[in-house]
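Here is the structure we will look at, set down as structure tokens.
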Amino acid sequence: MDTNGAANKSQSPYGRVLLKLSGEALGGEGGCGIDPDKAAFIAGKVKDVYQLGVQVAVVMGGGNLWRGANGEKMGMDRTTADHIGMLGTVMNGLTLRDALERQDVPARVQTAIQMNQVAEPYIRLRAIRHMEKGRVVIFAGGTGNPFFTTDSAAALRATEIEADIVIKATQVDGVYNADPKKDPTATRYTQLTYKKVLEDRLNVMDMTAFTLCEENDIPILVVNFWQDDDLLRALQGDHSVGTIITK
């Protein structure tokens with residue numbers, strides 16, 4: 001059995017978390033390609049969460065390598081374009097797994113698109129068992145279907161594995177009533193309800209993903225992944241950082 005932080009008493013009110021990261025988080029200049037230094041940085045952040053004693057799952061986008069919507073704009077069949085994007089998420093998943101294992105964090109990649117030579121197929125109970133044994137599970141391949149974003153994949157997987165919370169990792173420190181980059185008077189919400197997000201049309205996740213979290217009563221934490229220890233503080237119940245969205 002793997003020995004690690006997940007075997008220790010949790011230092012968080014959450015027992016199992018799903019972390020949603022954009023593909024651009026791995027990107028090099030201009031958010032494109034794969035930057036090994038960023039992979040190591042992300043792995044370090046995931047390790048910090050892991051060492052809180054919580055079970056960790058990760059969903060990564062593939063926007064640093066390909067976006068299906070862009071392919072469609074160039075005249076490509078949308079289903080084909082989205083399948084290419086799914087393959088990009090597998091590449092990112094393998095990169096993150098390698099970076100985690102370099103930092104002595106056991107990890108597995110499960111993909112919704114079968115490619116048994118490089119990753120396990122997505123099997124819900126196996127994924128849960130991996131987390132119970134203290135392994136980080138990286139879900140790749142989106143939902144396995146075109147026309148769905150990786151936000152939707154994150155909400156779906158979180159529901160299936162009964163995660164206590166979805167962490168939306170961003171470059172801003174929460175949800176604001178206006179764009180803080182454009183409006184200096186914008187204020188950050190510390191807590192929101194699903195209803196308030198919908199009423200005010202606040203940008204949190206795509207509607208399919210958000211509705212899935214709402215219907216299954218899965219809290220969403222929006223937090224700046226890159227800012228010091230904001231992620232750890234938020235996961236330890238500090239509401240002075242990030243924005244928590246609940247019923």
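Every number in this text was worked out from the coordinates using simple rules, so none of it is lab data. What you are looking at is a predicted structure, and each value in this text was computed from that prediction instead of being measured. Quick reminder, even Gly has a Cβ in these numbers, built from the backbone with ideal geometry, and neighbours come from all protein chains shown.
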Can you give the charge dipole size of the range 62-136 about its Cα centre, rounded to the nearest 20 debye, using +1 on the beta carbon of Lys and Arg and -1 on the beta carbon of Asp and Glu?
220
Where does each of V223, V137, V172 land when they are ranked from fewest to most other beta-carbon atoms within 10 angstrom?
V172, V223, V137
Net lengthening on full extension, E101/T80 (0.36 nm per residue, minus Cα-Cα)
4.3 nm
Test of understanding: extend the Cα→C-beta vector of C32 to 7 Å, then name every residue of the range 86-104 with backbone N under 16 Å from that spot.
none
What is the spin-label model distance, in nm, from Q117 to Q11 if the labels are put 7 Å beyond Cα along the C-beta direction?
4.2
Above-threshold pairs, the threshold being 24 Å between Cα atoms, out of K38/K133; K20/K47; K168/K195; K168/K196; K47/K133
K38/K133
Could you check the simple spin-label distance between A178 and T193, using points 7 Å along Cα→Cβ, in nm with one decimal?
2.5
If you wrap a convex hull around the Cα atoms of the range 94-212, how much volume per residue is inside, in Å³?
144
Based on the alpha carbon coordinates of the range 169-247, what radius of gyration and maximum Cα-Cα distance (Dmax) apply, in Å?
12.2, 35
Where trypsin sites (Lys or Arg not before Pro) fall in DSSP loop in the range 156-220, at most 12 other Cβ within 10 Å
K181, K182, R201
For Cα pairs less than 8 Å apart in space and 6+ apart in sequence, what is the mean separation divided by the residue count of the range 88-247, i.e. the relative contact order in percent?
20
Among A163, V175, N203, whose Cα sits farthest toward the positive end of the charge dipole of the chain (+1 at Cβ of Lys/Arg, -1 at Cβ of Asp/Glu, about the Cα centre)?
A163
Taking the alpha-carbon centroid of each part, what is the distance from the range 168-247 to the range 16-48 in angstrom?
19
Non-local residues with an amide H under 5 Å from the amide H of I138, with H modelled 1.01 Å from N and Pro and chain starts lacking one, are V58, R108, V109, Q110
For K73, list the aspartates and glutamates whose Cα falls under 13 Å from its own Cα; do not include residues on the same chain fewer than 8 positions away.
D82
Relative to the compact globular guide of 2.2 N^0.38 Å, what is the alpha carbon radius of gyration of the chain, as a ratio?
0.96
Okay, helix-only estimate at 222 nm for the chain: each DSSP H run of n ≥ 4 adds -39500 (n - 2.57), divide by all residues, round to 500 deg cm²/dmol; what do you get?
-10500 deg cm²/dmol
